[in-house]
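The values are calculated or read from the model by the stated rules, or taken from the named source; none is laboratory data. As the structure is a computational prediction, the values presented were derived from the model and not from experiment. Quick reminder, even Gly has a Cβ in these numbers, built from the backbone with ideal geometry, and neighbours come from all protein chains shown.
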Amino acid sequence: VSFWVNSLSAGIVLGTPLAYAALGELIAERAGVMNLGVEGMMLMGAVVGFIVALGTHSPVAAFAAAIAAGAALASLHAVMTVGLRVNQIVMGLTLTILGAGLSAYIGTGSSGRRPGVGISAIPIPGLSSLPVLGKVLFTHDVFAYAVPFVALAIWLLLFRSRFGLWLRAAGEQPGAADASGVPVFLIRYLAVIAGGGFAGLAGAYFSVVYTQGWAEGMTNGRGWIAIALVIFGSWNPIVVLLGALLFGFVDSLNFQFQSIGVPVSTHLLAMMPYVFTLVVLVATWTRMRHRHIGMPEALGLPYEREAR
Amino acid sequence: VVAVACGLLAGGVVMALGGHDPIQAYFDMWQGSLGSTEGLQSTLIKATPLVLTGLAVATALRVGLWNIGGEGQLIMGAIAATGVGLYATGLPGALLLIAMILAGAAGGAVWAAIAVIPGTGVHIGLALAILAALATWWLIERTPWGFSVRVSGGNPRTAEYLGLKIARRMVVVLAISGAIAGLAGAIELTGVTNRLQEGISVNYGYTGVLIAFLARGRLLAVVLAAFLFATLVVGSYALQTTGVAQPIATIIQALIIVFLLAGDAALAFRLRITRTTALAEIAAAVSRP
């Protein structure tokens, strides 16, 4: 039992940053902008958050700086793809590489050091002593507790508010939205930048909370997983959150199997989450073929007024 | 070219901000990458996988797809090559078959080819890469089949009217694209590292996307673009001695693309007035026959 409890608990910790990054990407994609730069933005968030944590010993400042760093990189994406209407895929990849390079450049002196601060886990009094459930659900840090509420808030924003309707309209039918007076460009800018902020936060979670250190390329492809999770969750924040947690759980099994000495290759186990993602992607795609739900119609397409 | 200059300039600004002398740094980079025999040699070594991954992306672009999985395909190619090299030493025929089934592992067949040529290394790999570029160019640009692929990618609707099977062409071209990336892995393995190791690909796959874009998807220009990027990477190794971090090469590469994209956009804005009308007429004529 303790094995599964540990795995589930660790899964929540691993799934939390993924959930933030994926939710951010979801906002941008719902507004019609694909941002493949999640990995780069996470790395920038990680390095900036880490350095600020080193300098100020303030987790609040660290996360604020990380969010700003992610948002700054995202605003470059926004200017290029929304403003100048360049190819979103190329720009996103460029952003990933730029983020990887910049973060490595900035972080050269900082690898191997410890941040000195962290966000400690706060067991919720009473609830955390519940058998099984207590350890799994109620022994985490602020970010893990907040993530379901963030997902819910995003869901409410998207599907129960006028702004959300505008945002989705900008992603589905920007032409029609524009004609009916929705500020398509403004919304797309905001959505992309907000998405970057989430990615930056996710990155800092890795460097400040989870591994408590900075290493070049430390996010290790998690940004790509976040992008895949958005598809997995068919652009629904609640499903995306569940997907992130599920992925975190599969990921944590690797460590857990090792710790109890199951004779399975660690590399094979490390591959599991990715195989899992691939299977899910194919499954989602097949499902999407039958019912036309999910993908914003204008995703990836730059919007220009004069066209057509 | 303007974008490259701007990228280098902006890279210099980054270095200056980081407290280093950009002019000295660029001089060192030049020395390290092109200004000496060893430098040139390592630039060529570095260019080899980049030519191939760039080519892989550019090929897939021809059928209208973005192959951003070059990274994994490269690694799979390296793994398959190792497997073939280790276990299938005696059977060249079966070996070929295996390699063809695993699209990402076409390199497996080449592995054998390289192994029999004495004095393996850089130049054979590079020659193979350029050969692959020429072959792909010929296949896509000069054969009827290649034309049908370009039609499928350039205008899917037209292709559909013509009765071309777009999906099938996509799969075939992606397989070719994957095979090219796999080839990169196999060559890198046999020519440079000589053994399978983790992290055999240093972002080659992703850089390939940038290269393909810099080359505007033109298959032969890929060779030049790859060479430029290799120069940057190798040059940046020389910087480590002067204390400027090596990631600067990555930053410059990304900046070049940013400027290229911005330049394109600026050009598009200027051309729009004249071009939209013409394009709209053509589009109207095509969509309502």
So for the range A:263-276 (the condition being surrounded by 21 or more Cβ atoms within 10 Å (Cβ to Cβ) and modelled with pLDDT under 85), does at least one residue qualify?
yes
Out of (1) modelled with pLDDT under 70; (2) assigned to a helix (DSSP H, G or I), the one A:Gly112 does not meet is (2)
When restricted to A:Leu36, A:Leu73, A:Leu43, the only residue assigned to a loop (DSSP other than H, G, I, E, B) and either in contact with a Pro (Cβ under 6 Å, 6 or more places away or on another chain) or within 14 Å of chain B (Cβ to nearest Cβ) (or both) is A:Leu36
Exercise for review: With the condition kept exactly as written, say whether any residue in the range A:54-68 is within 26 Å of B:Ile211 (Cα to Cα), surrounded by 22 or more Cβ atoms within 10 Å (Cβ to Cβ) and not charged (D, E, K, R).
Suggested key: no
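Restricting attention to the range A:283-304, which residues are at pLDDT 70 or above and under 26 Å from A:Gly37 (Cβ atoms)?
Just the residues of the range A:283-304 that are at pLDDT 70 or above, to begin with: A:283, A:295-304.
Within the range A:283-304, A:Met295, A:Pro296, A:Glu297, A:Ala298, A:Leu299, A:Gly300, A:Leu301, A:Pro302, A:Tyr303, A:Glu304 qualify.
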Within the range A:215-226, residues within 13 Å of chain B (Cβ to nearest Cβ) and surrounded by 22 or more Cβ atoms within 10 Å (Cβ to Cβ) come out as A:Gly223
Pairs returned, first residue in the range A:82-100 that is more than 7 Å from chain B (Cβ to nearest Cβ), second residue that is aliphatic (A, V, I, L, M) and surrounded by fewer than 24 Cβ atoms within 10 Å (Cβ to Cβ), beta-carbon separation under 6 angstrom, 6 or more apart or interchain, are A:Gln88/A:Met34
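Where in the range B:131-227 are there helices (runs of 4 or more DSSP H), lying wholly inside it, with at least 2 residues that are surrounded by 15 or more Cβ atoms within 10 Å (Cβ to Cβ), within 14 Å of another protein chain (Cβ to nearest Cβ) and at pLDDT 65 or above? Even if it seems obvious, please write down each step before you answer.
Numbers: elements: B:144-154, B:156-161, B:166-188, B:204-214.
Result: B:204-214.
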Of (1) more than 14 Å from the chain's Cα centre (by Cα); (2) crowded, with 20+ Cβ neighbours inside 10 Å; (3) touching a residue at least 12 places away in the same chain (Cβ under 8 Å), A:Gly197 fails just (1)
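Yes/no per residue for (1) among the aliphatic types (A, V, I, L, M); (2) at pLDDT 90 or above; (3) buried (at least 17 other Cβ atoms within 10 Å of the Cβ):
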site	(1), (2), (3)
A:Ile122	yes, no, no
A:Ala151	yes, yes, yes
A:Ala177	yes, no, yes
A:Val182	yes, no, yes
A:Arg188	no, yes, yes
Sole miss for A:Ala68 among (1) modelled with pLDDT of 90 or more; (2) facing another protein chain (nearest Cβ under 10 Å); (3) more than 27 Å from A:Asp251 (Cα to Cα) is condition (2)
